[in-house]
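Chemist: This is the structure, below, for whatever I ask next.
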Amino acid sequence: MSAEKRREGGEEVAGDARDLATTLDTSTQTEKQQTFKALAKWLRNSGPLLALVFLVILGAILSDTFLTVGNITNVVTRSAFIGIISVGATFVIVTGQIDLSVGAMAAFIASLMIMMINQLAALGWNLSSAIFLGMLAGVVVGVVSGLVNGLLATVGRIDSFIVTLGTMGIFRALVTFLSNGGTLVLDTKVREAYRPVFYDSWFNVPIPVWVLAIVVAIGAITLTRTRFGRYCRAVGSNAEVAHYSAIRVNQIRVVAFVVQGFCVALATCLYVPRLGSASFSTGLGWELEAITAVVVGGTALRGGTGRVGGSIVGALILSLIGNLLNLQNLISVYLNGAVQGVIILAAALLQRSSKSR
Amino acid sequence: MAPQPDQNAPTASSPSSAGAPPKLSARQLTKAFGPVTVLQDVDVDFFAGEIHAVVGENGAGKSTLMRILSGILEPTAGEVWFDGRPVATGDLRAMERLGVRLIHQELNLAEDLSVVENLFLGQEPVRGPFLDERKMAQRGAEVLAAVGTDVALETRVKDLRVSEKQMVEIAKAISHQATVLILDEPTAVLTRREAERLFQIIEASAARGVAIVYISHRLEEVKRLANKVTVLRDGKLVTTAPASTLSPDEIVRLMVGRRLRDLFPPKVPPTTPDVVLDVKNLSVHGHVTEASFSLRKGEILGFAGLVGAGRTELFEGLMGLRKITSGEIFRDRKRFSPSNYSGAIDRLRAAYLPEDRKEKGLVVTFDPRTNYSLLGLRRFGRLFVDQEKERRAFQQAARDFQIKITDPDLPVNRLSGGNQQKVVLAKVLGVDPEIIIFDEPTRGIDVGTKAQIYQWIANQALNGKACIVISSELLEIIGLCHRVVVMRSSRIVAVLEGEQMNEDGIMMYATGVKGAQAAALP
């Protein structure tokens, strides 16, 4: 903390110099220099994207089946869950908080959805209405769960890490309780009717990929173009300054958690038809995958800055690595976690060096 | 007035007569950042036992010079000499070993550690593998007593007031056997009494043979304390002269080319008796007790008092930034109850410039434009931010407030203190308030920018706005305000105007020498 303060102080001195430089610099700065500066900035901001491109090229070299439409579609579709969740996680992290409960929350929502849809179907409801109502209920539960997390972290004044550590345990236990220690399964008829939501395509693009694209677009525009997005960054950078800028800090933090809850629910609506079941192990480790995707995508864990697009690239990188390891024989598939760990550390190192000139 | 150096130390007026070489010297020091030279061929000698003030505007190169002398920065050219011999430059540890200590403008304490832990940070006395707690407590108490502060050793630094932190920082520096003590604006956050105590410490240190380098914007302090004055302008040495030969006016003229009284615009009394704000018996738990005052249209009302008297908290309560416990607020005779800051901006038509621009005023990692629009962002769109409109508004504000910006994408912490303050000012005035509260509007900025800010405040009043100026600089209050409200330990103790508004009068109320009975009045 104090080292950071010191560095800021040092930069201010250099700032004095730069003020003086104003008049000299603008006249002498050639177009070439400006192009170079823009290029350097682009390179720094596009690090995750370049890594993704590198992985794709590497994959194409290592495996004949990698660069087929079928394989790529498969990878992107499967990264939709973590991708959608990481959009919400970006908002939570940008506001300077963290949500560890997303995986357990997804399992909890999935359990409730399966029970409700089965029940409605058993009561003789039309299957599509039952599924629609189940999805709606899932979204409501997600939003309420996010609200609870947010209120505990703000009004309750508990650190978000602790709050979501607690709710994670609660959600996880509720899943075990609801499933009686086993697995909740969608009725076969219902499953047949729900299947298309995950497995069908529009214009040759799977539905989950469409949903992912829309969520990312809305998320990115919200973070960069709206008042709420600006406030998220301000609150995460310095909550005190935000308070003195007439921003309702707690409100912004709560809404970030609600956005996260909504994203988890959306991802769960796509996940339930894929396997048609929910158990203790559903969504296990998703919170860490989502946080990893966000960090690999260039968002600072301390809050204040973040990029929704980066988080998606991060999610894609993670699932590409898993896919690549499956397709080749050089490195054991069992080392998947280790390779992901190396990627996280590499991302963190790159971000550090781009900041400390 | 000036301390008497002991016999071993050379006197200020004839340092070389004793034959001792200067303790610390700058020899033809030059520093350039890229194409810009911020320090050019500067030669200064600092002698043991001497209090040597270095003055100059922001950007004049003072901080750069001090950072080179203390080993934080490497010079582009030139040498640093210690005890008559050149030493390695840019080596902070080596300079610390020689006893050269820099006390920063920005405090460098570990907030979560206790006072005593901070005092010995990095040089903890040990017994075997364990910290020698008893020795730390004993020596810590001695050092704190030496600087005359009564903070408890176990207190965590983050629970201290800013002025107390400053005193701890100074205690830390003198506890380490300093040979050269460089103080960068040490009194900016101190009350008058604490400052006076600090001066005594400085004088005592000088008498022990420590060379003191003192950077300050407050010329009366320089006059009060220094044996010798060095003036820097635009990175060059203007002059080094005995303090007795320079008047404050002369120093300002050398620094900026104008006189002290020209800093303040002429006072124009309010043209109407209209009261825009009437505050009755406002209390804020633990900070303000039944404060009542009124503010007129076109008036600049000063709030004086010691740090901790409750001035900031009073206005934070008024603006909904802090909960109030009781009291009534009338805006144009209509009752207003504060709930949150945006309510105060909308319904009170008031805005508050916070005292601490790094902790409350600016998101230091944001660019200037984003900082500017953060307050009242709604005027650029309810849902989406109209970035084109925002950019145009900021360009206009940058012109109005003469904010110098090289690269609009650089974060504000790359700007100088004066420019940062202008960004905060533009931000607060951006919501077009009719009542403006300026809390320490010129803290830690250069004389030139100060004069500009005084002019803007006066202009606001001329345009029919009502202004509050909270300041610990009495000259500022006296030079700028029509009336002054004095607060002492959470209460308003006096309202002074005209001839009564002088330094002694205000201080007597602020310190409680006078007006103890006034506190009992409604």
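The values are calculated or read from the model by the stated rules, or taken from the named source; none is laboratory data. Computed from a prediction, not measured in an experiment: that's the story for all the values here. Note: ideal-geometry Cβ built from the backbone for every residue, glycine included; neighbour counts use all protein chains shown.
Chemist: Taking segment B:360-369 on its own, how many of its residues are at the interface with chain A (Cβ under 7 Å from one of its Cβ atoms) and either surrounded by fewer than 17 Cβ atoms within 10 Å (Cβ to Cβ) or assigned to a helix (DSSP H, G or I) (or both)?
Modeler: Residues flagged as at the interface with chain A (Cβ under 7 Å from one of its Cβ atoms) and either surrounded by fewer than 17 Cβ atoms within 10 Å (Cβ to Cβ) or assigned to a helix (DSSP H, G or I) (or both) within segment B:360-369 amount to 2.
Yes/no matrix, rows are residues, columns are (1) part of a helix (DSSP H, G or I); (2) within 12 Å of another protein chain (Cβ to nearest Cβ):
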{"residue": "B:D346", "(1), (2)": "yes, yes"}
{"residue": "B:K358", "(1), (2)": "yes, yes"}
{"residue": "B:N419", "(1), (2)": "yes, yes"}
{"residue": "B:K427", "(1), (2)": "yes, yes"}
{"residue": "B:F438", "(1), (2)": "no, no"}
{"residue": "B:R443", "(1), (2)": "no, no"}
{"residue": "B:K450", "(1), (2)": "yes, no"}
{"residue": "B:Y454", "(1), (2)": "yes, no"}
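Chemist: Taking the stated definitions as given, is B:G305 within 25 Å of B:G464 (Cβ to Cβ), more than 12 Å from every other protein chain (Cβ to nearest Cβ) and touching a helix residue (DSSP H, G or I) at 6+ places or on another chain (Cβ under 7 Å)?
Modeler: no
Chemist: Any chance you could count how many residues in segment A:144-190 are aromatic (F, W, Y) and over 23 Å from the mean Cα position of the chain (by Cα)?
Modeler: Qualifying residue count for the region: 1.
Chemist: Still on this structure, I have one more. Return the residues of segment A:170-187 that are among the small types (G, A, S) and either farther than 16 Å from A:N118 by Cα or surrounded by fewer than 20 Cβ atoms within 10 Å (Cβ to Cβ) (or both); say none if nothing qualifies.
Modeler: Those that are among the small types (G, A, S) and either farther than 16 Å from A:N118 by Cα or surrounded by fewer than 20 Cβ atoms within 10 Å (Cβ to Cβ) (or both): A:A173, A:G181, A:G182.
Chemist: Could I ask something else about it? I need a count of the residues in segment B:383-401 that are touching a Lys or Arg at 6+ places or on another chain (Cβ under 7 Å) and either within 10 Å of chain A (Cβ to nearest Cβ) or part of a helix (DSSP H, G or I) (or both).
Modeler: Qualifying residue count for the region: 6.
Chemist: Just give me the residues in segment B:64-116 being more than 23 Å from B:E185 (Cα to Cα), within 11 Å of chain A (Cβ to nearest Cβ) and hydrophobic (A, V, I, L, M, F, W, C), in sequence order.
Modeler: Result: B:L113, single match.
Chemist: Could I ask something else about it? Among residues belonging to segment A:296-305 that are under 25 Å from A:Y231 (Cβ atoms) and buried (at least 24 other Cβ atoms within 10 Å of the Cβ), point out the one that is farthest from the other protein chains (Cβ to nearest Cβ).
Modeler: That would be A:G297.
Chemist: Here's something else I'd like to know. Does A:F161 fit the bill of being under 21 Å from A:N180 (Cα atoms) and among the aromatic types (F, W, Y)?
Modeler: no
Chemist: Given (1) buried (at least 19 other Cβ atoms within 10 Å of the Cβ); (2) within 22 Å of A:I84 (Cβ to Cβ), where does A:T154 come up short, assuming only one miss?
Modeler: Only one criterion is unmet by A:T154, namely (2).
Chemist: On the basis of being in a loop (DSSP other than H, G, I, E, B) and within 26 Å of A:G236 (Cα to Cα), does A:G306 make the cut?
Modeler: Yes.
Chemist: State whether the residues of segment A:54-72 include one that is under 23 Å from A:R230 (Cβ atoms), out of contact with any strand residue (DSSP E or B) (no Cβ under 6 Å at 6 or more places or on another chain) and assigned to a loop (DSSP other than H, G, I, E, B).
Modeler: no
Chemist: Scan segment A:276-287 and tell me whether some residue there is under 22 Å from A:Q97 (Cα atoms), surrounded by fewer than 17 Cβ atoms within 10 Å (Cβ to Cβ) and not basic (K, R).
Modeler: Yes, segment A:276-287 contains at least one residue that is under 22 Å from A:Q97 (Cα atoms), surrounded by fewer than 17 Cβ atoms within 10 Å (Cβ to Cβ) and not basic (K, R).
Chemist: Has segment A:232-255 got at least one residue that is more than 14 Å from chain B (Cβ to nearest Cβ), touching a residue at least 40 places away in the same chain (Cβ under 8 Å) and under 29 Å from B:M319 (Cα atoms)?
Modeler: Within segment A:232-255, one or more residues are more than 14 Å from chain B (Cβ to nearest Cβ), touching a residue at least 40 places away in the same chain (Cβ under 8 Å) and under 29 Å from B:M319 (Cα atoms).
Chemist: Which of (1) within 25 Å of the chain's Cα centre (by Cα); (2) surrounded by 15 or more Cβ atoms within 10 Å (Cβ to Cβ); (3) more than 14 Å from chain A (Cβ to nearest Cβ) is the odd one out, the single condition B:K172 does not satisfy?
Modeler: Failed condition: (3).
Chemist: Looking only at segment B:41-79, count every residue that is of a type outside the set (G, A, S), assigned to a helix (DSSP H, G or I) and either modelled with pLDDT under 90 or closer than 22 Å to B:Q420 by Cβ (or both) and tell me the total.
Modeler: Of the residues in that region, 5 qualify.
Chemist: Looking at segment B:185-281, what strands (runs of 3 or more DSSP E) fall wholly within it and have at least 3 residues that are surrounded by 17 or more Cβ atoms within 10 Å (Cβ to Cβ)?
Modeler: The qualifying strands (runs of 3 or more DSSP E) are B:211-215, B:228-233.
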